[in-house]
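To start, the structure under review is shown below, and the notes come after it.
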Amino acid sequence: AQSVTQLGSHVSVSEGALVLLRCNYSSSVPPYLFWYVQYPNQGLQLLLKYTTGATLVKGINGFEAEFKKSETSFHLTKPSAHMSDAAEYFCAVRPYNTDKLIFGTGTRLQVFP
Amino acid sequence: EPEVTQTPSHQVTQMGQEVILRCVPISNHLYFYWYRQILGQKVEFLVSFYNNEISEKSEIFDDQFSVERPDGSNFTLKIRSTKLEDSAMYFCASSDRQGDTGELFFGEGSRLTVL
């Protein structure tokens, strides 16, 4: 069965610092890949997704992620963290021929002034 | 901006009681989903629904669970006889089409606490 691993349940960065949230998936066939963000007391919001084509994907709020097939990774980055980026971030995959998303356990991002 | 709305935001119930969680998907969407997240654990897929029938369901979605679209706007999840382990945040989602470009729009969740 496919799975998603997010290394680090909590990540803390200073405002202005690089944000790196790690995501690895297990699959012999690259699935579709997603990052979702959840702000306090809100639902899950799509940040970005990779389906086909360019492996560097740009999303909302200055985030981007790079699909690396050789490393089975889809890490999320942002060059400069902002206080408003504090939230929970979920990596997810959607295997081919299925309609469901498989989520990682999430990473809570804290941003310090 | 269109959004998925869920009610109630929090429900406390006694073990063995029936619970209905309600969702109003985005109006032109045709694909509907329920996910749940037990505290401290992953968000897990429960069921997908299209054209008035279940299109896919997980092992979690046993006979105690059912979904319905009773009136063309609401999408409900019913748990017939709740167990302690059903305590979780339940997320509804909808999409305008299946496939890789069919983004899922999630609601804010309904927190279910079973005592």
For the stretch A:84-113, how many residues meet the condition of being within 11 Å of chain B (Cβ to nearest Cβ) and free of Cβ contacts under 8 Å to residues at least 60 places away in the same chain? 5
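So which residues in the stretch B:68-115 are within 23 Å of B:M15 (Cα to Cα), within 14 Å of chain A (Cβ to nearest Cβ) and part of a strand (DSSP E or B), if there are any at all? Even if it seems obvious, please write down each step before you answer.
Taking the stretch B:68-115 first, the residues within 23 Å of B:M15 (Cα to Cα) are B:68, B:76-92, B:109-115.
From what is left, the residues that are within 14 Å of chain A (Cβ to nearest Cβ) are B:88-92, B:109-111.
Within the stretch B:68-115, B:A88, B:M89, B:Y90, B:F91, B:C92, B:S110, B:R111 qualify.
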Of the conditions (1) farther than 23 Å from A:V13 by Cβ; (2) more than 14 Å from every other protein chain (Cβ to nearest Cβ); (3) in a loop (DSSP other than H, G, I, E, B); (4) of a type in the set (G, A, S), A:S80 fails just one. Which one is it? (1)
Could you please find all residues in the stretch B:16-31 being more than 8 Å from every other protein chain (Cβ to nearest Cβ), at negative phi and surrounded by fewer than 21 Cβ atoms within 10 Å (Cβ to Cβ)? B:Q17, B:E18, B:V19, B:I20, B:R22, B:V24, B:I26, B:S27, B:N28, B:H29, B:L30
Could you tell me whether the stretch B:89-105 includes any residue that is over 20 Å from B:E44 (Cβ atoms) and open to solvent by less than 30 Å² (accessible area, probe 1.4 Å)? yes
Give the residue that is surrounded by the fewest Cβ atoms within 10 Å (Cβ to Cβ), with candidates limited to residues of the stretch A:10-43 that are at pLDDT 90 or above and at the interface with chain B (Cβ under 9 Å from one of its Cβ atoms). A:Q38
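Going by the structure shown, is A:K49 modelled with pLDDT under 95, within 11 Å of the chain's Cα centre (by Cα) and charged (D, E, K, R)? Reasoning before the result, please.
Values: modelled with pLDDT under 95: yes; within 11 Å of the chain's Cα centre (by Cα): yes; charged (D, E, K, R): yes.
So A:K49 fits the description; yes.
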Meets criteria (open to solvent by 70 Å² or more (accessible area, probe 1.4 Å) and either at pLDDT 90 or above or not β-branched (V, I, T) (or both)) for B:N74: no
Every residue from the stretch A:56-77 that is away from chain B (no Cβ under 14 Å), in contact with a strand residue (DSSP E or B) (Cβ under 8 Å, 6 or more places away or on another chain) and not in a strand (DSSP E or B): A:N61, A:G62, A:F63, A:E71, A:T72
Kindly indicate whether B:F61 is among the hydrophobic types (A, V, I, L, M, F, W, C), out of contact with any Asp or Glu (no Cβ under 7 Å at 6 or more places or on another chain) and assigned to a strand (DSSP E or B). no
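The values are calculated or read from the model by the stated rules, or taken from the named source; none is laboratory data. All values derive from a computational prediction rather than experimental measurement. Reconstructed Cβ throughout: ideal geometry from the backbone, glycine too, with neighbour counts over all protein chains shown. Calculation scope for accessible area: heavy atoms of the full protein, side chains included, ligands and nucleic acids excluded. Shrake-Rupley method; radii C 1.70, N 1.55, O 1.52, S 1.80 Å.
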